[in-house]
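*Asks:* The structure is given below, and queries will be raised subsequently.
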Amino acid sequence: MKFYRFDPEVGKSVDAYNSTGVLISRIAHLFEEAVVNCAYLEATGKIGYHQATIQQLFLVVQGEGWVRGESSNSLHSIKMGQAVYWEKGEWHESGTETGMTVIILEAIKVDPSMLTATV
């Protein structure tokens, strides 16, 4: 048995895309085409507007915040237990006023169809 950490203390600060208040801790690299990360967004933290380089599933595990895609400038609320999916090439952004922890699954083939849709 081996133990590993993915808490904020071992995370790396992210400032790409004008992001602020974000730490990313790698959880696993599941083959060359898949990566799982944990992102810790502090209060007023933001992952800046950018294109998804690969399909992405964004799962909120603590806190709440907002997301937006390329089709709308409006922000959509998201909270613990909810997820959002972005296709490869889709522009998107996310953030929080109070703090949020998310698992980000990026892979060539992501199928979120097993999740319960909210809309």
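*Asks:* Can you tell me which residues in the range 12-51 are under 23 Å from M80 (Cβ atoms) and either hydroxyl-bearing (S, T, Y) or more than 14 Å from the chain's Cα centre (by Cα) (or both)?
*Replies:* Within the range 12-51, S19, T20, S25, A28, Y40, A43, T44 qualify.
*Asks:* Filter the range 22-50 for residues that are polar (S, T, N, Q) and at pLDDT 95 or above and give the result.
*Replies:* The one that is polar (S, T, N, Q) and at pLDDT 95 or above: T44.
*Asks:* Among (1) without any contact (Cβ under 8 Å) to a residue 24 or more places away in the chain; (2) surrounded by 14 or more Cβ atoms within 10 Å (Cβ to Cβ), which single condition is D15 missing?
*Replies:* Tallying (1) without any contact (Cβ under 8 Å) to a residue 24 or more places away in the chain; (2) surrounded by 14 or more Cβ atoms within 10 Å (Cβ to Cβ), D15 fails exactly one: (2).
*Asks:* Kindly indicate whether any position in the range 103-114 is of a type in the set (D, E), over 16 Å from C38 (Cβ atoms), touching an Asp or Glu at 6+ places or on another chain (Cβ under 7 Å) and part of a loop (DSSP other than H, G, I, E, B).
*Replies:* no
*Asks:* Could you check the range 53-102 and list, in sequence order, the residues that are among the acidic types (D, E) and either within 23 Å of A34 (Cα to Cα) or free of Cβ contacts under 8 Å to residues at least 40 places away in the same chain (or both)?
*Replies:* Result: E64, E70, E87, E90, E93.
*Asks:* Quick check on the range 74-84. Is at least one of its residues more than 19 Å from K12 (Cβ to Cβ), among the hydroxyl-bearing types (S, T, Y) and not in a strand (DSSP E or B)?
*Replies:* Taking every residue of the range 74-84 in turn, at least one turns out to be more than 19 Å from K12 (Cβ to Cβ), among the hydroxyl-bearing types (S, T, Y) and not in a strand (DSSP E or B).
*Asks:* Anything in the range 37-58 that is surrounded by fewer than 21 Cβ atoms within 10 Å (Cβ to Cβ), among the β-branched types (V, I, T) and either part of a strand (DSSP E or B) or out of contact with any Asp or Glu (no Cβ under 7 Å at 6 or more places or on another chain) (or both)? List them, or say none.
*Replies:* Those that are surrounded by fewer than 21 Cβ atoms within 10 Å (Cβ to Cβ), among the β-branched types (V, I, T) and either part of a strand (DSSP E or B) or out of contact with any Asp or Glu (no Cβ under 7 Å at 6 or more places or on another chain) (or both): T44, T53.
The values are calculated or read from the model by the stated rules, or taken from the named source; none is laboratory data. These figures come from a predicted structure and were not determined experimentally. Counting neighbours? That spans all protein chains shown, and the Cβs are built from the backbone with ideal geometry, glycine included.
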